[in-house]
Amino acid sequence: MARVGLREWFAVGRVMMSGRLARYGGGGEGPLTRFEADYSEKFGVKHTLAVSSGTGALTCALAAAGVGPGDEVLVPAYTWIATAAAPLAVGAVPVLVDIDQTLTMDPADIVRKITPRTRAILPVHMANMVCDMDRIMKIAREHGLLVIEDACQAVGVTYKGRRVGTIGDIGAFSFNQFKNINIGEGGAVVTNSDRYFARARMYHDVGAIFRGHLDNDNEPHFFGVNLKASQIQGAMLNVQLAKLDPMIRRMRKHYRLMSRILASSPAIRVGPHNDVENAVGLHLIFESPEEAEHFAGRNRRGVYRLYDSSRHVYTNWVPILEQRAAHPKMNPFAWASPRIEYTPDMCARTLDILRRTCRISLGENYPSPLVAFIARRMASGANPARRLSYAV
Ligand SMILES: *Cc1c(COP(=O)(O)O)cnc(C)c1O
C-alpha cells in the first residue's frame, strides 16, 4: 500500500486554487494530461486514459474492445468481485477459471473453459503476483481471443521485463487506497491500439461527440457512461507515480530477503512465481489447511491465510453466483445461451489452494533489517520441534 503525504497535499491545493477541477473544465493541459503522458512513457505503452476507478477501467476496456451480449469472458476464481462484475456491466457473462499455486489463472484450465462463445481472457495479476503471460498470450492467439489484463493489484510490477497491463490487448489499473498507487479512488486504461483508445475515450465520456474522441477513428459515435477522473485525482497521481518504482524496488528487495530466510526453514514452502527474478508478492503454501491457519494465527501482523480474506474468494460473490442484476431485463445471465451454471464447488482446486496458502506482507514501508527480523522469527516459529517445546 502506497503512502500519501504532504506532497500530495500541496499538489491538490494547487489544483483547488486554480479553480480548474474537472477534466474538461478549462483550456490547455491539466495534471491528468501530464499523468497520462508520463504513465505511457514509464510503462512503455502508446496510450493511457485515466478514469475514476479500476472497475471503471475494466468496464471501459471491455466496451472499447467491443465485448458484449453473447460473449463469455474467462475470469479467475480468486480476485476482487469487480473482475467478474465488469463483463456483466457490458452485457457479457463471466466464466470462472481455477488458479494454480502462483495464485493466478491456471493456463490449463483456461483451455478447458474455452467454448465457441468465449471472447476474451481477463487474467488478474493478483496481490502483485504476475500471470503466466507467455502461455496466456499463446492460448489467446491460438483461439482468436482478446486479452484484457486486470493489473489493478499489481500496478508497476513487471513480467519478464514488461509492465503487467501492457502485454495484452488492453490493461486496467486501480489506484484505490489499497493499491500500489493510492489516490483514494481512481484507475487507468492502457493500450497500444489507436482504435481501442478512441473507443475508450468515447465510452468514458458519455458519448460527448463535441470533444472529438473519435476524430481519428472511422467509428460511428456511440453513447457511454461517465467514468472521467478529476484534476484533483490527476494532481495526486503525478506525485504517486514518482513514488511507484522506488516502492517496487523495496518490495523486490524485501521479497528476496524474506523468501531466502523463510525457505531456510524445513517447515516452510515458498510458493512458486511466474517470474521469480522480479517477484514482489510472497506467499507460503502448506500441506494442510490447518497448518496454514496455525501459521497465520501465530504470526498475525502482515500474515493472513488467503481463504480467510474472504472477499476475494468466488464463493462470496453472492450477487454474481445468484445471477441478480439491478433490473431483470438488463441481466446478461437472462440472455446467455446456454445458461451459465454456478455452483459453490465449481472451482474446488482454487478453494483448496486458498485454504493452504498464507500471504506475507513485504513491509515496503519498513526498514530492511526489521523485515529480516520478522522473517527470521516466522521461520523459527514454523519449526515443528520449536512448536512442540512451546506447547510443553
Ligand atoms: C481493486 C481491484 C479492482 C477494482 O478497482 P476499484 O478501483 O476498487 O474499482 C479490480 N480488480 C482487482 C483485482 C482489484 O484488486
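The values are calculated or read from the model by the stated rules, or taken from the named source; none is laboratory data. As the structure is a prediction and not an experimental result, all values here were calculated from the model. Glycine also receives a Cβ, built like all others from the backbone with ideal geometry; neighbour counts cover every protein chain displayed. Only protein heavy atoms, including side chains, enter the accessible area calculation; ligands, DNA and RNA are left aside. Shrake-Rupley method; radii C 1.70, N 1.55, O 1.52, S 1.80 Å.
Any residue in the stretch 30-47 that is buried (at least 19 other Cβ atoms within 10 Å of the Cβ) sitting within a Cβ distance under 7 Å of a residue that is modelled with pLDDT of 95 or more and aromatic (Phe, Trp, Tyr)? List the pairs, counting only those 6 or more apart or interchain.
That search, which allows pairs on different chains as well, returns 47/197.
Checking residue 86 against (1) surrounded by fewer than 23 Cβ atoms within 10 Å (Cβ to Cβ); (2) of a type in the set (A, V, I, L, M); (3) near the ligand (Cβ under 9 Å from one of its atoms), which test does it fail?
With respect to (1) surrounded by fewer than 23 Cβ atoms within 10 Å (Cβ to Cβ); (2) of a type in the set (A, V, I, L, M); (3) near the ligand (Cβ under 9 Å from one of its atoms), residue 86 is out only on (1).
Could you list all residues from the stretch 216-246 that are in a loop (DSSP other than H, G, I, E, B), in contact with a Gly (Cβ under 7 Å, 6 or more places away or on another chain) and surrounded by fewer than 15 Cβ atoms within 10 Å (Cβ to Cβ)?
Of everything in the stretch 216-246, those that are in a loop (DSSP other than H, G, I, E, B), in contact with a Gly (Cβ under 7 Å, 6 or more places away or on another chain) and surrounded by fewer than 15 Cβ atoms within 10 Å (Cβ to Cβ) turn out to be 221, 222, 223.
For the condition more than 16 Å from the ligand (Cβ to nearest atom) and under 25 Å from the mean Cα position of the chain (by Cα), what is the one hit in 66, 19, 26?
Exactly one residue qualifies, and that residue is 66.
Considering only the stretch 156-179, state which residues are open to solvent by 10 Å² or more (accessible area, probe 1.4 Å) and either within 11 Å of the ligand (Cβ to nearest atom) or acidic (Asp, Glu) (or both).
The answer is 169, 176, 177, 178, 179.
Taking the options 249, 256, name whichever one is part of a helix (DSSP H, G or I), of a type in the set (Lys, Arg) and within 19 Å of residue 151 (Cβ to Cβ).
249
Identify, please: which residue in the stretch 108-136 is touching a Gly at 6+ places or on another chain (Cβ under 7 Å) and either more than 12 Å from the ligand (Cβ to nearest atom) or of a type outside the set (S, T, N, Q) (or both) and is, among those, most open to solvent (accessible area, probe 1.4 Å)?
That would be 117.
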